[in-house]
Amino acid sequence: MYVFLLNLLNRSITAGWLILTVILIRLLFRRAPKWLFCLLWGIVAIRLISPISIKSSFSLIPSSKTVTVDLTNQEPPVIDSGFKIIDDAVNPMVSQAGMNEPEAGGFTIQDIMTIGFYIWAAGVFILLGYALTSYLKIKNTVAESILSKDNVYVCDDINTAFILGICKPKIYVPSSASEDTLKHVTTHEKAHLKRFDHWWKLLGFLLLAVFWFNPLCWIAYALFLRDMEMACDEKVIRSMEKDDVAAYSQILLNFSSSKKRLAAYPLAFGEVSTKARIKNILNYKKPAFWILLLSIAAVLVLSLCLLTDPFSDGKNIDGSAIDPGNSAQEEPASMTSLRRIYGQYFDLPTENGLDVYVSENPGNYFTCILLPGAEDKKSEMELIKMRAAKIQEMKEILSTYNIDPENVHIIMWQNPFSSHVGEYWIHWEGEDEETIETNRRIYIEKVRRQLF
């Protein structure tokens, strides 16, 4: 349950960066074809749904795991947003807030996460319950409708047109509508069905129900519905004459008074944002072929940059940006070569876990020494005699062990031959012990995330 909740939270935060990017693109390219925006919202959906993490040097995501929690040691959450200035400001406050001891009547981290899980589940239940009751309500309203033709049903008790249903969707229109009105309305609704928009709306609502705690997801859902309607409008008017476009716009205006409430129902497909849609229709121009080509290329590039996660979250252990020329960031050698160079780090006993001694070296990169876990820590001379591996190489070495990451102990070690002070980012003069311990824990967590 705890792992599920953390994954949900981190996935939501990661998708939030993507949502902000899509919103910015919508503002900068207002005249772009609206189907392009629908594809971008599709990328957001993939980001929310996908359980796998693909690493890429092209990733624009600041951090793929913003929140981590050490449940074993009952430590407060660690925030790694990808921006050091934010982490340095937030983490001390989180740590100072802390968790009271259970014996003192306080809450443990497990208690808080359990409460959070039930709050999240209650939100999901409420939204899904709303979807079901709204469907039954509309279904009851159109129960007495009469089939007109081509899956179009006429009803006396409604005053707007909409699609209802998922597997066998039906088009419902008011009996008071004129023949010309019905012609344009049914054309629009059939275009929705051809685009499977009733399915996409349902998927969007289900994602909203799961990620209801993220306000950006509510904004994304509302904009997604608007873009979907505009994309459908553009599809309908693409082959229309000027007079027909004007008549189509007037019909949208006539139906606008009763559509807002219906648009909120996830299993009914009504119309939204009438004013914006009419403006878009009147200003619509069929995009040139080169614009379509550039649009598709832009979607592909954004998919590569926003659907992938950064290597090591795009940061060094101390939060600074990765230098592409830094030798510490080079790809590790093959496993055979690693065994030849660092043979003493393979096939170690793991009964007491493993100890990884991490030291900073000139050039702002980190090296590691691996030893069997033991209560008596190694002396400096014993450590100096060993050949240190780069952190990426140590990651490959650790992958050969069948061991729980929690049993791998990160130990900060100051190499006396290094020109760097290993704890300068942890211990500043005048800081209290609590702050120093918080910085130490954040540092160890970042090392751990690079190793696993």
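What follows draws every value from the coordinates through simple rules; no lab data is involved. A quick note: this is a predicted structure, and the numbers were derived from the prediction, not measured.
The phi-based Karplus calculation (6.51 cos²θ - 1.76 cosθ + 1.60; θ = phi - 60°) puts the 3J(HN,Hα) values of the range 192-199 at 4, 5, 5, 8, 6, 5, 5, 6 Hz, whole numbers, x for Gly and Pro.
Pairs exceeding a 21 Å alpha-carbon distance, out of LYS139/LYS168; LYS170/LYS279; LYS242/LYS279: LYS170/LYS279. Separation of the alpha carbons by more than 19 angstrom is noted, of LYS183/LYS235; LYS137/LYS190; LYS137/LYS194, for LYS137/LYS190; LYS137/LYS194. A cut-off of 5 Å between modelled amide H atoms, ignoring neighbours fewer than 5 places along the same chain, links LEU354 with GLY373, VAL408, HIS409.
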